[in-house]
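Asker: So that we are looking at the same thing, I have put the structure below in structure tokens.
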Amino acid sequence: MMDEPRCLNEGPDCRGPVEFHINPDRDDFKAFPRCEFHQAKRLGQAEKNRSWNSDVAPSWFDPTYAGERWNEDD
Ligand SMILES: [Zn+2]
């Protein structure tokens, strides 16, 4: 019996069929199984990841998170 793919973010939020998706912010074209809901969420993160290339910290950036800092010379 074949295993059905399981959502990487499997949890009570899962919605829709689980399928393999390629994410636009990865350049290795690896596909990851996610349900419809979590893939939509993942794509939202990809949008945010793109803004990391910006000079200005995006509004969602929290410098206290994981001790990260936006600029070295702050
Ligand atoms: Zn899910």
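The values are calculated or read from the model by the stated rules, or taken from the named source; none is laboratory data. Small disclaimer: the values here were computed from a predicted structure and weren't measured. Backbone-built Cβ (ideal geometry, glycine too); neighbour counts: all protein chains shown. Note: areas computed on protein heavy atoms with side chains; ligands, DNA, RNA excluded. Shrake-Rupley method; radii C 1.70, N 1.55, O 1.52, S 1.80 Å.
Asker: Please report the accessible area of Glu4 (heavy atoms, 1.4 Å probe, ligands and nucleic acids excluded) in Å², nearest 10.
Answerer: That residue has around 150 Å² of solvent-accessible surface.
Asker: With a cut-off of at most 10 other beta carbons within 10 Å, and DSSP calling the residue loop, which chymotrypsin sites (Phe, Trp or Tyr not before Pro) in region 1-37 qualify? Please list them.
Answerer: Working: sites: Phe20, Phe29, Phe37; in loops: Phe29.
Sparse-neighbourhood loop chymotrypsin sites (Phe, Trp or Tyr not before Pro): Phe29.
Asker: If you keep only loop residues by DSSP, which trypsin sites (Lys or Arg not before Pro) in region 1-49 have at most 16 other Cβ atoms within 10 Å of their Cβ? Walk me through the intermediate numbers first.
Answerer: Details: sites: Arg6, Arg15, Arg26, Lys30, Arg34, Lys41, Arg42, Lys48; in loops: Arg6, Arg15, Arg26, Lys30.
Loop-located and lightly packed - Arg6, Arg15, Arg26, Lys30.
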